[in-house]
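Input: a single structure, listed below in structure tokens.
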């Protein structure tokens, strides 16, 4: 049923064939759950709004999934401008049920159906698009330790009704929920997976944290849901490693991507040098040298 709903919005063309011997490219595209879409294993986050030129370069290197939000500064406008310059590319666009303003500016648990619809329509105006592929209920478990309060936002009837309307109108294809903790992430994400309301989840996942999360990922995968990882270099912050540290960054990204249940990962890309670095992890395996690098940093915290 979901695949039929997707078909009416746009045809998924073949992924661009790009070749170069001089700079790294996306080398692997993975199924986005049962949606019929495939996403680049390394995908672009815009938590710090990039210049249009960087988004264009990422697209030209094969990145076909871009994550944005209303409360990421001018990120939606930037993404929209880049997409208008690459109209021939089929890019998966994900945004959030948020409002413009300083992060975090998520819609609250008592938001009404009209609030959700207006928020999404605001994103469409900034993106200058008629629809988006994915809208997320964002950052569940970020602002409250009270699991019942977060559960209200997760399972809001007003939100679910708004999404039903937006899907019927062709403005949204898929509903997702995201969490980077720090509170009750595993429990809330498992509830989201088992609720049947969500098409995909996006979770903080790295070699340092969240030991129970693999069970959530396995359950989602078993149900045909897409799982996207974020905060994949969070371990770097704990041990004060520069994000430009090549051995660590590549090892950390490869560790995430070795989990075949994942559709891919989203990472904020701030510069061409970071784009070049992160894409070197695309389509590559997690080897003994990567494991040795991560073990070294684990010892720092033990």
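The values are calculated or read from the model by the stated rules, or taken from the named source; none is laboratory data. Values in this document were obtained by computation on a predicted structure and should not be read as measured data. Cβ atoms come from the backbone with ideal geometry, glycine included; neighbour counts cover every protein chain shown.
A few remarks follow.
- Residues that are closer than 27 Å to residue 290 by Cα, without any contact (Cβ under 8 Å) to a residue 60 or more places away in the chain and surrounded by fewer than 18 Cβ atoms within 10 Å (Cβ to Cβ) are absent from the range 185-207.
- Some residue of the range 166-176 being in a helix (DSSP H, G or I), more than 30 Å from residue 299 (Cβ to Cβ) and either touching a helix residue (DSSP H, G or I) at 6+ places or on another chain (Cβ under 7 Å) or modelled with pLDDT under 95 (or both): yes
- Among the residues of the range 244-302, the ones that are within 21 Å of residue 209 (Cα to Cα), in contact with a strand residue (DSSP E or B) (Cβ under 9 Å, 6 or more places away or on another chain) and in contact (Cβ under 8 Å) with a residue 12 or more places away in the chain come to 14 in all.
- The condition of being surrounded by fewer than 24 Cβ atoms within 10 Å (Cβ to Cβ), farther than 26 Å from residue 27 by Cα, in contact (Cβ under 8 Å) with a residue 24 or more places away in the chain and out of contact with any helix residue (DSSP H, G or I) (no Cβ under 9 Å at 6 or more places or on another chain) holds for only one of 71, 130, that being 71.
- Selection count where residues are without any contact (Cβ under 8 Å) to a residue 40 or more places away in the chain and closer than 10 Å to residue 193 by Cα, scope the range 212-221: 2
- Looking only at the range 253-302, residues that are at pLDDT below 95 and surrounded by 16 or more Cβ atoms within 10 Å (Cβ to Cβ) come to 3 in all.
- Total residues in the range 167-184, condition surrounded by fewer than 22 Cβ atoms within 10 Å (Cβ to Cβ) and over 17 Å from residue 139 (Cα atoms): 5
- Within the range 137-154, the set of residues being over 20 Å from residue 33 (Cβ atoms) and in contact (Cβ under 8 Å) with a residue 12 or more places away in the chain comprises 139, 141, 142, 143, 144, 145, 147, 149, 150, 151, 152, 153.
- Qualifying residue in the range 149-157 (condition: surrounded by fewer than 22 Cβ atoms within 10 Å (Cβ to Cβ) and in contact with a strand residue (DSSP E or B) (Cβ under 9 Å, 6 or more places away or on another chain)): no
- Any hit, the range 123-143, residues being more than 19 Å from the chain's Cα centre (by Cα) and at pLDDT below 95: yes
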